[in-house]
Amino acid sequence: MTEKSTLIQELETVQAKAEAELASLSDEGGLAKWKTEYLGKSSPVMQIFKRLPEAGKEERALIGQFANQVKSALEQKYELKAEAARQAALADTLKSEQVDVTLPGRAPMNGRLHITNQTLREVYRIFAEMGFQVYRSPEVESDENNFELLNIPAHHPARDLWDTFFTKKEGVILRTHTSPGQVRAMREFAPEPIRVVLPGMCYRYEQTDASHEFQFNQVELLVVGKHITFANLKGTLQEFVQRMYGKGVRTRIRPSYFPFVEPGGEMDVECFVCSGKGCPVCKHHGWLEILGCGMVHPVVLKNGGYDPEVYSGFAAGLGPERISMLRYRIDDIRNFWANDVRFLEQF
Ligand code: FA5
């Protein structure tokens, strides 16, 4: 009887203590600790079951029954508390992670044409007004079109003017200029007259600086017909520059050598960055070269399928990036392909 009372008393004390402690808890961490202490394997209630042999035979069932009652009473109370704690934690999370649907959304950034494409479109527009069509030719070219048919045979020193990217395939290169498109257009149109612009990307294995990139655009001009003269070349280019930069812009044509024209020249525009005073962009000359030009060489006319005794023509190759630099006073050509949005979004 004494032993029964002792165990039952112990259970009553433990229950009272456990319930009092539980009442003071509200957080999930504290509750988990409480559960281990009062309902875990080594808790006093569970230990009572092991200690049943200490009691007399007839009392064991009674003590066991009472221990079970205490255990399920504690479990029930614990469940109620744990559920309340879960709900409180959920309410806290919902509050702290609340999405404010009334906030205005972030406007998507508007895309735009790359500055070079804007310039190219303007170049096409100006030449279209003068009756030129756009003719596209490949960026991966044959050595034959890029050099041979343009009067630059293998081992000709003029090849040094174009530092070339070669491919692993013999005779296949990245075009160094848009001039190979001249032969392609002539072979397609001969013996009809031609008035085309040939735009696109060119590649040169060059050291880059403020005005040189290894990847850049060119726009080639090609006019072939009867009685085409140098005056037509000069007039067309001057008209282009006036329409592009405005009336009164100073230009000059200097003699220059290109194997596929005779005579050949280069056109410069006064440097807008320094107004002709000299700066790194114009290499301190005050002028910026924007294009090479000349009368199509008789050998090239012949390679294109035109009789040079009957036909003549002029050609030019201009750099749209350099044109943009002049227009917007951009002082480093490397900005064009650096993909820096801070630069690109200005245009
Ligand atoms: C040529 O490429 C000739 N094919 C142009 C030509 C065509 C001459 C038809 C006669 C008749 P050149 O290497 O000078 O020439 O380049 C022409 C233009 O391309 C230059 O004036 C410049 O505007 C641009 N350019 C050339 N190299 C670069 C470079 N590394 N980076 C940026 N632009 C360049």
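The values are calculated or read from the model by the stated rules, or taken from the named source; none is laboratory data. Just so you know, these numbers come straight off a predicted model, no measurement behind them. Cβ sites come from the backbone with ideal geometry, for glycine too, and all protein chains shown count toward neighbours. Just the protein is used for accessible areas: all its heavy atoms, side chains included, with ligands, DNA and RNA removed. Shrake-Rupley method; radii C 1.70, N 1.55, O 1.52, S 1.80 Å.
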For this session: Answer yes if at least one residue in segment 210-226 is in the same structural domain as residue 307 (by TED's automatic domain parsing), among the small types (Gly, Ala, Ser) and at pLDDT 95 or above, and no otherwise.
Result: yes
Exercise. Does residue 40 meet the test of being open to solvent by less than 50 Å² (accessible area, probe 1.4 Å) and closer than 22 Å to residue 85 by Cβ?
Worked result: yes
Exercise. Hey, among 136, 175, 112, 184, which residue is open to solvent by 10 Å² or more (accessible area, probe 1.4 Å) and within 16 Å of the ligand (Cβ to nearest atom)?
Worked result: 184
For this session: Filter the strands (runs of 3 or more DSSP E) completely within segment 247-318 down to those with at least 2 residues that are among the hydrophobic types (A, V, I, L, M, F, W, C) and either crowded, with 23+ Cβ neighbours inside 10 Å or in contact (Cβ under 8 Å) with a residue 12 or more places away in the chain (or both).
Result: 261-270, 287-296, 312-318
